[in-house]
Amino acid sequence: MPNTEHGKSEPSAAKYIYTLLAICFVANSVFISVGFRNTILDYHGFRQTQTAISSYYTIKEGYRLAYETPVLGKPWSIPFEFPLYQWIVAFLSQASNIKLEQSGRLVSMIFFYLSLLAIFHILRSLSIEREYCCISIVMMLCCPVYIFWSRTFMIESLAVFLSLIYLLCFMKFYKNRKIHLFVIGALFGGLAAAVKITTLIVVTVPIIAILSNDWLSLLQGLLRKNSNNPSLNRFQNEFKYAMLLVVPYLMGLMWTRFADFHKSLNPLARDFITSTHLIEWNFGTWSQKLSLDCWEKIMVGDVIHGIGYPAILIIPLFVFITSSYYICAVIFSLIAYLSGPIIFTNLYYTHRYYCYANSLFLILAISLSIIALIKTNKMKKFALYGLIPFCIITMIYSYLSHYYMIQSPTNGISRPPVECLLIRAVTAPDDVVLIYGEDWNPTIPFYAERRAVMNRSNLPLSDPRFQESIRTTGKERISVMVKDSRDEGLNAFFSFHPDPVMTCVYLRKDLYKSVFMRMFHVDVEQSSSALPVKISFWNRRFRLFSATGSTMVVPLPAPVSKLRAQFGVLFDPRDAEILAGVDFVIAHESHDGVRTELSRTHLDPVRSEADREVRNAEVELAKRGAGKILLETVPGAGKTCKWSFWSDIELN
């Protein structure tokens, strides 16, 4: 029989763990790819599109430290994190022709898997057997937090990877003090601090705990009488450790100063997103830190949705009762896990993805506890064949019941907001969108592929900050406004048409007419409708909606051979007052006013379900000369559908 004393693993146990690792890796690969081609609006779309729009303009404008996040007017640069992730995504997208959103997801996945390698080597540095290190990797592969957030367009996995490499270098440097480990550790730590310092702080908690213990020991040695004082060499070593801890934060501070400088140049950014203005937002208030409701929300998101069944938290208690292995490592891991929400309470309360930084330490505490139980031998089978499957099953169940429902193709958001598609179709690439009521959420600017001035505070037109933003951006470049209500003052100032072209979307007057001509060949100024005509996205198409009883005019400056179109009514079967149908008439009118009816189709959606569908029309115009086509909707006797539409108008 193989020797299993002192926790040495049996071949059968190693084979079992490696089998679990292979199975969980395959499962993770399947789960993490679910909804890969969805939009990045599935969860915290605000933050995902903020990262994505910076990557998009990196491709357009080049790789810059003062990169663009063009949502608050000019100057467009309002940097937050160091743009390493954005640069990698942009490079991958350019080099491979992979779409930007999928490139962002792929980069996140890659750094998640690289983080697993870093965790493996960190555990190996604690002299844990290879197969037992894989227990932590199995847990990470099954963890809902890391399945879901590792496939989003966010910097989380990169920040964790950089921080873990820094931690690994520190641990190795602590043992042998080789200079190359200091240099590599300082570089990765500095990048981690610049990319996401809140993640680095969580990861450095174990380092601070170790150094605090060292410094306390040094102090006790200095104060203790009749004992040998600590050697100069030890002081030098502790100074080196402290420098490796401090240098990354100094690099992070330098980046913060650089970012604050550029934010301060933007009139709409300088008063709310510089580091001094975000102190309370980042750290929260004392009332939050002491609120049970706040902690309940954090723990529900972090544990129940993020890890699994709460009973999983009992596992670390076993190590304190039954084993002497890894007690310090388990304690440090639990402290690191709790440090995130304790320090950055509001961030963890507000954003679900922040638990990406600290959940790995809870997983380490659980897996190290299981490893400790395995090494006791008496609890070995219970830990191997009981606790590990229990953790895997609870994590997968938690993922399937929560995050999977968000990312699945049937529930995921598969297309961008329709107003973005319209804005992108009808405006020039250098045009700017004025947006109200969306805070500074970059969803519309990103999917419209247009820069924006987002008046998040609803500043009046006379406000000096708003006026400065308009002046620096260029009033003439603002061609679209997204606002949920009409504003005569803004319409007059920017020369917007008083009627929205689509719900909440106002175009500059010179664009308003051309949009209908470009998309539907309709001259909206010659047309007549009891209500303003609007473009809506319905049944997978842009449709031109007008009040029933209207006439849409399609100019024919030269003869054409054929006209094709789609038409229909907007029918609500719950409206019991609708009794009559609608006639859809296509007529030709010559230059001298002679009108010829070419087709007439009656739709009665009350009595015929088939008439609720989109219908097609085709008329021959070969014998007709120049003039205009009249697209008419004629209501029947009695109340009929309020809105009817025409679309897909083609002139051959």
Subject >> Cβ-Cβ under 8 Å pairs, at least 6 apart or on other chains, the stretch 210-224 side closer than 24 Å to Ile327 by Cα, far side at pLDDT 85 or above and open to solvent by less than 50 Å² (accessible area, probe 1.4 Å) >> reply: Leu211/Glu238; Leu211/Tyr241; Leu211/Ala242; Leu211/Leu245; Asp214/Glu238; Asp214/Tyr241; Trp215/Glu238; Leu218/Glu238
Original post:
Before we move on, is Gly62 open to solvent by less than 10 Å² (accessible area, probe 1.4 Å) and outside the structural domain of Arg257 (by the TED database)?
Top reply: no
Original post:
Cβ-Cβ below 9 Å, separation at least six or inter-chain, first residue in the stretch 40-57 and farther than 19 Å from Trp76 by Cβ, second basic (Lys, Arg) and open to solvent by less than 10 Å² (accessible area, probe 1.4 Å): which pairs?
Top reply: Ile40/Arg105
**OP:** Name the residue, out of Ile40, Ile53, Ile98, that is under 12 Å from Pro442 (Cα atoms) and assigned to a loop (DSSP other than H, G, I, E, B).
**Re:** Ile40
Subject >> Qualifying position, being within 30 Å of Ala192 (Cβ to Cβ), open to solvent by less than 10 Å² (accessible area, probe 1.4 Å) and among the polar types (S, T, N, Q), among Ser369, Ser408 >> reply: Ser369
Subject >> Every residue from the stretch 490-539 that is without any contact (Cβ under 8 Å) to a residue 60 or more places away in the chain, within 20 Å of Val569 (Cα to Cα) and in a strand (DSSP E or B) >> reply: Ser528, Lys534
Original post:
Could we say that Val560 is in contact with a Leu (Cβ under 8 Å, 6 or more places away or on another chain) and outside the structural domain of Gly625 (by the TED database) here?
Top reply: no
**OP:** Give me a count of the residues in the stretch 122-159 that are under 30 Å from Glu81 (Cβ atoms), small (Gly, Ala, Ser) and open to solvent by 10 Å² or more (accessible area, probe 1.4 Å).
**Re:** 1
Subject >> Hey, Gly301 out of contact with any strand residue (DSSP E or B) (no Cβ under 7 Å at 6 or more places or on another chain), assigned to a helix (DSSP H, G or I) and either at pLDDT 90 or above or surrounded by 14 or more Cβ atoms within 10 Å (Cβ to Cβ) (or both) or not >> reply: yes
Original post:
Is the stretch 164-186 home to any residue that is in a loop (DSSP other than H, G, I, E, B) and open to solvent by less than 10 Å² (accessible area, probe 1.4 Å)?
Top reply: no
**OP:** Would you check which residues across the stretch 595-639 are at pLDDT 90 or above, surrounded by fewer than 16 Cβ atoms within 10 Å (Cβ to Cβ) and farther than 30 Å from Asp572 by Cα and list them?
**Re:** Arg595, Thr596, Glu620
Original post:
Quick one: would you say Ile343 is at pLDDT 95 or above, within 22 Å of Leu164 (Cα to Cα), of a type in the set (A, V, I, L, M) and touching a helix residue (DSSP H, G or I) at 6+ places or on another chain (Cβ under 7 Å)?
Top reply: yes
Subject >> Hits in the stretch 342-359 - residues which are open to solvent by 20 Å² or more (accessible area, probe 1.4 Å) and either assigned to a helix (DSSP H, G or I) or in contact with a strand residue (DSSP E or B) (Cβ under 6 Å, 6 or more places away or on another chain) (or both) >> reply: Ile342, Ile343, Tyr349, Thr350, Arg352, Tyr354
**OP:** Scan the stretch 360-401 residue by residue and report those that are closer than 21 Å to Lys15 by Cβ and within 36 Å of the chain's Cα centre (by Cα).
**Re:** Ser367, Ile370, Ile371, Leu387, Ile388, Pro389, Phe390, Cys391, Ile392, Ile393
Original post:
Of the residues Leu579, Leu490, Leu507, which single one is open to solvent by less than 20 Å² (accessible area, probe 1.4 Å) and either more than 30 Å from Gly474 (Cβ to Cβ) or touching a helix residue (DSSP H, G or I) at 6+ places or on another chain (Cβ under 7 Å) (or both)?
Top reply: Leu507
Original post:
Out of (1) in a helix (DSSP H, G or I); (2) open to solvent by 10 Å² or more (accessible area, probe 1.4 Å), the odd one out for Trp76 is which?
Top reply: (1)
Original post:
Can you list the strands (runs of 3 or more DSSP E) found entirely within the stretch 544-652 that contain at least 3 residues being without any contact (Cβ under 8 Å) to a residue 40 or more places away in the chain and closer than 26 Å to Glu525 by Cα?
Top reply: 595-603
Subject >> Residue tally, condition of a type in the set (A, V, I, L, M, F, W, C), open to solvent by 10 Å² or more (accessible area, probe 1.4 Å) and closer than 22 Å to Tyr512 by Cβ, over the stretch 445-476 >> reply: 1
**OP:** Kindly provide the set of residues from the stretch 478-489 that are without any contact (Cβ under 8 Å) to a residue 40 or more places away in the chain and within 30 Å of the chain's Cα centre (by Cα), ordered by number.
**Re:** Ser485
Subject >> Number of the exception - Asn97 against (1) surrounded by fewer than 18 Cβ atoms within 10 Å (Cβ to Cβ); (2) touching a helix residue (DSSP H, G or I) at 6+ places or on another chain (Cβ under 8 Å); (3) not acidic (Asp, Glu) >> reply: (2)
Original post:
What tally of residues in the stretch 304-340 results from selecting those that are assigned to a loop (DSSP other than H, G, I, E, B) and either modelled with pLDDT of 85 or more or surrounded by 15 or more Cβ atoms within 10 Å (Cβ to Cβ) (or both)?
Top reply: 8
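The values are calculated or read from the model by the stated rules, or taken from the named source; none is laboratory data. Owing to the predicted nature of the structure, the values given are computational and were not obtained by experimental measurement. Backbone-built Cβ (ideal geometry, glycine too); neighbour counts: all protein chains shown. These accessible areas exclude ligands, DNA and RNA; they are computed on the full protein's heavy atoms, side chains included. Shrake-Rupley method; radii C 1.70, N 1.55, O 1.52, S 1.80 Å.
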